[in-house]
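Structure first, commentary second.
The values are calculated or read from the model by the stated rules, or taken from the named source; none is laboratory data. Note that the structure is a prediction, hence the values are computed from the model and not measured. Cβ: placed from backbone, ideal geometry, glycine included. Neighbour counts: every protein chain shown.
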There are 4 protein chains.
Amino acid sequence: MAKLGVGVLGVGEMGKRHAENIRRLVPQARLVAIADVAADRARQVADELEVERSCKGLEELLECKDIDSVLIATPDKFHAEAVQKAAAAGKNILCEKPLATNIADAIAALKAVADAGVRLQIGFMRRYDPPYVAAMKRIEAGEIGEPVIFKSLGRDKDVPPLSAYESGVNGMLFYNNTIHDFDLARWLMRDEVAELQAYTTVAIRPQIAQYGDVVASLVNLKYRGGAIGNVESYVQSIYGYDVRTEIIGSKGSIFVGSLDKMPATFLSSGGGSKVLADHFLSRFYDAYLEEVRDFVDNILHDRPPRVTGEDGLRALEIAVAAENSHLNQEPVPVKTEVMPVARHSVAQGTRS
Amino acid sequence: MAKLGVGVLGVGEMGKRHAENIRRLVPQARLVAIADVAADRARQVADELEVERSCKGLEELLECKDIDSVLIATPDKFHAEAVQKAAAAGKNILCEKPLATNIADAIAALKAVADAGVRLQIGFMRRYDPPYVAAMKRIEAGEIGEPVIFKSLGRDKDVPPLSAYESGVNGMLFYNNTIHDFDLARWLMRDEVAELQAYTTVAIRPQIAQYGDVVASLVNLKYRGGAIGNVESYVQSIYGYDVRTEIIGSKGSIFVGSLDKMPATFLSSGGGSKVLADHFLSRFYDAYLEEVRDFVDNILHDRPPRVTGEDGLRALEIAVAAENSHLNQEPVPVKTEVMPVARHSVAQGTRS
Amino acid sequence: MAKLGVGVLGVGEMGKRHAENIRRLVPQARLVAIADVAADRARQVADELEVERSCKGLEELLECKDIDSVLIATPDKFHAEAVQKAAAAGKNILCEKPLATNIADAIAALKAVADAGVRLQIGFMRRYDPPYVAAMKRIEAGEIGEPVIFKSLGRDKDVPPLSAYESGVNGMLFYNNTIHDFDLARWLMRDEVAELQAYTTVAIRPQIAQYGDVVASLVNLKYRGGAIGNVESYVQSIYGYDVRTEIIGSKGSIFVGSLDKMPATFLSSGGGSKVLADHFLSRFYDAYLEEVRDFVDNILHDRPPRVTGEDGLRALEIAVAAENSHLNQEPVPVKTEVMPVARHSVAQGTRS
Amino acid sequence: MAKLGVGVLGVGEMGKRHAENIRRLVPQARLVAIADVAADRARQVADELEVERSCKGLEELLECKDIDSVLIATPDKFHAEAVQKAAAAGKNILCEKPLATNIADAIAALKAVADAGVRLQIGFMRRYDPPYVAAMKRIEAGEIGEPVIFKSLGRDKDVPPLSAYESGVNGMLFYNNTIHDFDLARWLMRDEVAELQAYTTVAIRPQIAQYGDVVASLVNLKYRGGAIGNVESYVQSIYGYDVRTEIIGSKGSIFVGSLDKMPATFLSSGGGSKVLADHFLSRFYDAYLEEVRDFVDNILHDRPPRVTGEDGLRALEIAVAAENSHLNQEPVPVKTEVMPVARHSVAQGTRS
């Protein structure tokens, strides 16, 4: 079977990891070219990974021969436009979360995807994480009975530098961080969020308020089917990177999460101590790899993506409602857009 | 030093434990009499604990000679009136939570206490639990920096029987369960809750709705000082009794809670398994004992109570706001009553 | 049912705990008198526990009216003689481990017990510890299949003071510490140790060698039925008191033990930390209480003791073999003495 | 810098993993050829990994151009001879443990290495495992004070098939399994084992006795410096793959090991349960990769190997003593051979 030609757009920390995975650990794919608006960076990563071509930005990348699929890992603000252009060029797409930082952009991107009849997968990699996968299997097997409560938290070790807030290239907390939990909130509960209410704080970083952003948030959720939920985000968890999710049902509960980075315990007169996890790239090592493998396999075997454009849209709608609740200080219903109709359905085949 | 004479009112599961503790493990106190509206039950517990006197209800108890203090462990609805009467009779009081099931009753009870110049301690026993005490010490020592987020959950193993809902002697979920977490929310954060928002569900027990009660709730909190919080309650956690609290600050986090009842792990081809905790009386064994010991010691040494009537009132005010948010489906500010003024201050001595 | 009259001999830390338990938490027993060679100490503990009588030593105790049973908690060296005298006086006996510090004394004590037809229980309280009890139930239910390997360790926080070594009132490490694990080695594996081999070290406390004692030991075990085992003892585990046991079988494994004293975890940039257990009296709180309750119940209901004099003898024989292996630097078979025959069997009734 | 040309000999489960790591995750190396006595298997793995050449056995491999280094992952019995031949051909060598299955073969292999002046690294990959590395750092920093006790255990999920015993290509338990712990026993304690004593059992697999092998062993250790240790091996741990090591010192203890495969806990009325680790290739994923990276880096930068031929010899000497103790049922001193002298020292440069 011929290898799938892939180009990667944006090789910051995240994009570089994707490029490494494709280059080294996905034998069914061939990493054809690496693109970045910083041409130097693209060149340097291409050299390091022994990839022949590097490009300055998306247009150059789309002109490369042999590219079937594009992986988009630019800053958040540029996701939707990149999806639009790649779709228009007939490429299959794996786009990092969020799909967009506002609903209009998301709809435009999804429309382009539908019109072009290409595949779009959104980078909610937690759905590929073995503990989350194991949890989902148990839920589907009915082991926890009816889901009643959804709880999730995501904590990042360090507040981003002020320059990140100034540039505004990433969406606020809800779009950049909490959106992972909003996706889990839908996926694991197999239901949609109907309404939510958010409290937020800038805590000891008041200077962040001027950028419309916050340091911590607690979003209370109400599901259509009657279940309830709560999602915490915090970007100054100086003890380490920390993700935990619990789904509580009528017959049991599943808790995903742990603070142990490695199995070593130190006992001294000061007590017992553990080494903690410190980075999302190590916690979700397997998930990022499985994600891109699944993306490639599904294209090669003509199967629909596991995480769809609609998943990207629905999580974004929750994030938008959360921002509105934050701004207006009241509970906000989650508005649901109609998915753009595909002129060519995926089932008819989308291989370029 | 003479022993403190104590009477216990109400010997259901909780009151009986208090009686046992006083009778056997608090040498500075003497359990003079046991009272219950069910005279048989009072007699039976008195026999079992080798206590001479048993009474049918509070009036009879208050007439007993040698009683300095009364421990009130009746159903919630009767707390406030019992406090009023015991105070009027000049007794010091340890009252189980909640102080009352509505604000008017609470104020009336506190007024009676103030007028009589007696001591009143509220049974928020978690403040005596060693892990919570250890957590509070670290917070006070500044180890987690500025508190930013408060999280707490309390899960009970079984939904109460329908008869408990029908009788209406206990307040709804917020007054009977969540109130513990509302107290922790104030105590550990050393701040007051300014506003809250609640989502609730009857889950798979729709018949409970007719009694105005719920099976699960998530209450989002906003503090006066800018911090935020969330409290979960669930009364159908069939895997066991489960209490966890986390206080997340700018320099670290403290997590209180564990699912291990005892230190035994079983490993088989089916995986590893642990035995879980099953009851609040075993989880908080030490706390209930320390609570009553401290109550007795403080009276004998003429020191003010550690958990005050005002603590009882403030937690109740949060519960009332939570119920209003549940009823009106909107965020609700927490209203703060003025504490009734004591005509005779405690500092002037209250020994009866 | 009349209460069982009990006297306690020896009220150091251990004996005082036993006395407290009997006085406060075993309603079926009455603590008649407290005895100690230090009459002052006996008086002081009696006062504190509100026990009427205190005695200077065993003889005085045995003359007390209303005493059916004697609990012996003197230093190890005096156990066997106290058992002999109490038996001769017709008392039932709960004797702290070890039964004796040499075989001849043990046999003499057991002979006296047999001749007098009284009951003797040995204080291997771990057999009453809920996690160990849970483990044993699973073993008996066949959940781990055939036992193949036995592992156990016991670590004490601090090397005893030099004065304890000088006085020589307690046996060396094997008799005072490891004997608990030797008892578990028999009980949990339901087999007898046939041979053993010991390595020992004085580690950084060379001054202890002059007293014939050691700071740490590892005893390799071979069972009659073919299984194998290893037992570690260490008396300078400065991080805390630590007991762990694992029974590994052909179908699974059971691990008893934990380092958590209380369910609180502290997370900071330095990592995660836990508070550790620090004392055997807190780790085995329940076990000590159940032990004495069971002792009292069995007498009142005319049932044989759960931990017998023979159990005391067999564990001692293993300890003697371990000391010989330590002295002669070679594997040593465990010699088995014949149990002294009872002239009056327990079944004929032994109530004094 | 030119890439290091590597050939892999033996592509069973272990050798294939090494080949994958070199091919995909060690950019500084080039996997030139794959060799196996089963030419089909060599071909198949070469195809899968997109390696050009495959060879039938070592001779053919050594004739390949561009090969600087050989990784040996044959069955144990063939290690020593392969080392001899590869050394004679001037290749640097990474040899899986054990170096040999008897002392004479080991010495012959080391002599060949010394004569040829090539590098030899032994595959004790645990020295590269992050938890073990973290433990070693703390030990070297003096955090546990003087090491007093060494404990280690290794459990494999399934007894090997009878055919593996019949073929005799691997050494008995001590050479194939325990040797990892013997290496840790030296490395982490920074001392040499002076004497040992072993108990063994065939447990419920008596048919294994005819091959001179056992199912479980406990080896008691005595160090030159006075410390003591114990090592357990068990090959029928049906609940999963399990490796734990503890180093107990005068100021603290370090415990390496955990039974959690992934951070997911399931809570139900049956208790809490965890998913367990099941395979050495997943537990030591990082270690195997770091091992081969370090091997390649050291050659490219002309640095001596981190795990030396002498390390291979010393661990083997302990295994031989353990087998003798098993056979003769007595403690056995560990005999130390003189290391063969290198005619050309490594420091003079060994690049082929």
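Observations on the model:
- Those residues of the stretch C:116-134 which are in a helix (DSSP H, G or I) and under 16 Å from C:Pro304 (Cα atoms), in sequence order: C:Ala116, C:Arg127, C:Tyr128
For (1) of a type outside the set (A, V, I, L, M); (2) under 20 Å from A:Val219 (Cα atoms); (3) at pLDDT 95 or above, each residue gets a yes or a no:
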residue: B:Leu173; (1), (2), (3): no, no, yes
residue: B:Phe182; (1), (2), (3): yes, yes, yes
residue: B:Met189; (1), (2), (3): no, yes, yes
residue: B:Ala198; (1), (2), (3): no, yes, yes
residue: B:Arg205; (1), (2), (3): yes, no, no
residue: B:Leu221; (1), (2), (3): no, yes, yes
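- For the stretch A:155-169, the criterion of being surrounded by 17 or more Cβ atoms within 10 Å (Cβ to Cβ), within 14 Å of chain D (Cβ to nearest Cβ) and not in a helix (DSSP H, G or I) is met by no residue.
- Some residue of the stretch D:50-65 being surrounded by 17 or more Cβ atoms within 10 Å (Cβ to Cβ) and touching a Ser or Thr at 6+ places or on another chain (Cβ under 8 Å): no
- Residues that are away from every other protein chain (no Cβ under 14 Å), touching a Lys or Arg at 6+ places or on another chain (Cβ under 9 Å) and of a type outside the set (D, E, K, R), drawn from the stretch B:25-60: B:Val32, B:Ala33, B:Ile34, B:Ala35, B:Val37, B:Ala38, B:Ala39, B:Ala42, B:Ser54, B:Leu58
- With respect to (1) surrounded by fewer than 19 Cβ atoms within 10 Å (Cβ to Cβ); (2) modelled with pLDDT of 95 or more; (3) within 22 Å of the chain's Cα centre (by Cα), the lone exception for A:Leu316 is condition (1).
- Among the residues of the stretch B:170-193, just one is under 13 Å from B:Val231 (Cα atoms) and outside any helix (DSSP H, G or I), namely B:Val193.
This table checks each residue for (1) touching a Gly at 6+ places or on another chain (Cβ under 7 Å); (2) over 25 Å from B:Asn298 (Cβ atoms).
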| position | (1), (2) |
| --- | --- |
| B:Lys3 | no, no |
| B:Val6 | no, no |
| B:Met14 | no, no |
| B:His18 | no, no |
| B:Ala33 | yes, no |
| B:Val51 | no, no |
| B:Glu60 | no, yes |
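- Some residue of the stretch C:107-115 being within 14 Å of chain B (Cβ to nearest Cβ), under 27 Å from C:Ala2 (Cα atoms) and of a type in the set (A, V, I, L, M, F, W, C): no
- D:Asp129 under 25 Å from D:Ile22 (Cα atoms) and surrounded by 21 or more Cβ atoms within 10 Å (Cβ to Cβ): yes
- Counting the residues of the stretch C:234-252 that are within 30 Å of D:Ile238 (Cα to Cα) and out of contact with any Pro (no Cβ under 7 Å at 6 or more places or on another chain) gives 9.
- Lone qualifier among A:Val307, A:Val243 - being modelled with pLDDT under 95, outside any loop (DSSP other than H, G, I, E, B), over 24 Å from B:Thr200 (Cβ atoms) and among the aliphatic types (A, V, I, L, M): A:Val243
- When residues of the stretch B:137-152 are limited to those that are at the interface with chain A (Cβ under 8 Å from one of its Cβ atoms) and part of a strand (DSSP E or B), the one surrounded by the most Cβ atoms within 10 Å (Cβ to Cβ): B:Ile149
- Failed item in (1) out of contact with any Cys (no Cβ under 9 Å at 6 or more places or on another chain); (2) part of a helix (DSSP H, G or I); (3) more than 15 Å from A:Ile22 (Cα to Cα), with A:Gly312 passing the rest: (1)
- Criterion: over 20 Å from the mean Cα position of the chain (by Cα), in contact (Cβ under 8 Å) with a residue 12 or more places away in the chain and crowded, with 23+ Cβ neighbours inside 10 Å - qualifying residue of C:Ala33, C:Ala109, C:Ala80: C:Ala33
- Residue in the stretch D:181-188 that is within 18 Å of the chain's Cα centre (by Cα) and free of Cβ contacts under 8 Å to residues at least 60 places away in the same chain present: yes
- Test result for C:Tyr132, within 14 Å of another protein chain (Cβ to nearest Cβ), in contact with a strand residue (DSSP E or B) (Cβ under 9 Å, 6 or more places away or on another chain) and either at pLDDT 95 or above or within 28 Å of C:Tyr285 (Cα to Cα) (or both): yes
- Selected residue (criterion: farthest from B:Lys137 (Cα to Cα)) from residues of the stretch C:246-273 that are modelled with pLDDT of 85 or more, facing chain B (nearest Cβ under 7 Å) and in contact with a Phe, Trp or Tyr (Cβ under 7 Å, 6 or more places away or on another chain): C:Gly252
- Verdict on D:Leu196 being away from chain A (no Cβ under 14 Å), in a strand (DSSP E or B), touching a Gly at 6+ places or on another chain (Cβ under 6 Å) and among the aliphatic types (A, V, I, L, M): no
- Comparison of B:Arg244, B:Arg224 shows that the only residue that is under 22 Å from B:His326 (Cα atoms) and of a type in the set (D, E, K, R) is B:Arg224.
- The set of residues from the stretch D:213-244 being of a type outside the set (A, V, I, L, M, F, W, C) and within 14 Å of chain B (Cβ to nearest Cβ) comprises D:Tyr234, D:Gln236, D:Ser237, D:Tyr239, D:Gly240, D:Tyr241, D:Asp242, D:Arg244.
- Unmet requirement for D:Ala322, which otherwise passes all of (1) buried (at least 21 other Cβ atoms within 10 Å of the Cβ); (2) assigned to a loop (DSSP other than H, G, I, E, B): (2)
- When B:Glu96, B:Glu52, B:Glu48 are screened for being in contact with a strand residue (DSSP E or B) (Cβ under 8 Å, 6 or more places away or on another chain), free of Cβ contacts under 8 Å to residues at least 24 places away in the same chain, under 30 Å from C:Leu49 (Cα atoms) and of a type in the set (Asp, Glu), only B:Glu52 passes.
- A count restricted to the stretch B:199-216 and to residues that are assigned to a strand (DSSP E or B) and in contact with a Ser or Thr (Cβ under 6 Å, 6 or more places away or on another chain) stands at 2.
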